[in-house]
Amino acid sequence: MLSRHDFLPFGEEWSGAPARETRLFTGKERDAETGLDYFGARYYRADLGRFTTADPIGVTPKRLMDPQRLNRYSYVQNRPLVCVDPDGRYEAWIHEVVSATLLRMAGVSQQNASEIVPFTGSQESGADHWKNKAVMPWNWVNGVGASLHFPSKGQLADDLAGLRGNIDAGQSQRAGWSMHAVQDGLGAHSAFTGASVFGGLGHAVQSLLSVFGLADNPDRVVGDAKFIFMANCLYASITGDRDAELTADQINELIEAVRTRAGELGKEIVVKQSGTGKK
C-alpha cells in the first residue's frame, strides 16, 4: 500500500500522508494549488461541500418538486453517504452504463470492457470529456463535435463495421469513441444525425425546451424505440453477428441497469418501455 487517505462525507481529508497521487476524493483529480477537485464539467470545493459553478442542466420541473435539487451548487442533493456524482453533470454516465452492460452481454471480457468504457464517457480522453464536448467551438473546426456527437450515416456504418475489430485489436479508445458515436447518432441525437453544427444547435433548442417541461431531454430518455434500435445495432456489431438481437429480458436488464445507476447517483431519467425485443 503506497498511501491511505480517509475522507469526511463531503470530501475533506480526515487523515493520511501527504498525497503523492493527484486523484483523491471519489477518484477525482485534486488541484494542488487551489485544493479543488476536477469533476469534468466543473470544479468542486470539498471544504464547503459545493461545486464552484452552477449545474449546467438548470432548473427543471422535477427539481422544483425536490428542495434538495434547487441548489444548483450542491453535491448529490446533500446525500454523500449514498450517492456519488461522476462528473458534475448528467449525461455521460449513461453512455458508460449502456456500454458496460452491452459489452458484458456480448461476451467481451471484463478486462477489455474496463479499458473501453472510460472512453465512452467523461473521463480523461473520453468522448464526453470537456475537451471533446460538442459545445466547445474548436470541436466544430477540427471535426470532433460532429464525429463524436452528430455523426453522419456513413460514419455510423463505419463505426459499427469496425467496432469488433477494434475491440479484438485492443484499440480501446477507438472502440469507446465508436460506441459513444453510435449511441448518440442512433439514439439521443438521431433527429440531428449528420447535421454537424446545425445538429448541435437543434439539440440545444430541444434541451432548452425540456428545462421548461415542454419536451423530454433526449439525453435522459431510455427504453424508447430509438434506444432499443441503437442497443441492438451495437450488440450485433460487438458479437460480430449481424443477425444478433437482444432479447426482451436483456433489454429490460439494460434499462434496469441505467435505472439502478440513476438511483445510486440521485439522477433523473425518463424511462419509456417500448416492449420490443426478441422473444
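The numbers here are math on the coordinates, done by the rules we state, and not lab data. Everything numeric in this text was worked out from a predicted model, so none of it was measured. Virtual Cβ from ideal backbone geometry, glycine too; neighbours counted across all protein chains shown.
Taking neighbour Cβ counts within 10 Å as the exposure measure, how do THR52, THR260, THR101 sort from fewest upward?
Working: THR52 14, THR260 11, THR101 22.
By the 10 Å Cβ count, ascending, the order reads THR260, THR52, THR101.
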Straight-line reach from LYS272: which lysines have Cα under 20 Å away, leaving out those fewer than 8 places along the same chain?
-> LYS62, LYS226
Hey, with R₀ at 35 Å, roughly what FRET efficiency would ARG50 and TRP138 work out to, going by the Cβ-Cβ distance, to 0.05?
-> 0.75
Listing VAL98, VAL182, VAL258 from the residue with the fewest other Cβ atoms within 10 Å to the one with the most, what is the order?
-> VAL258, VAL182, VAL98
At GLU29 and ASN112, where each label point lies 7 Å from the Cα along Cα→Cβ, what is the point-to-point distance in nanometres?
-> 2.9
Given 0.36 nm per residue, what is the gain on full extension from GLN173 to GLU253 after removing their alpha carbon distance, in nm?
-> 26.2 nm
Along region 153-162, Karplus-curve 3J(HN,Hα) (6.51, -1.76, 1.60; θ = phi - 60°) to the nearest Hz, with x for Gly and Pro, reads 5, x, 5, 4, 5, 5, 4, 5, 5, x
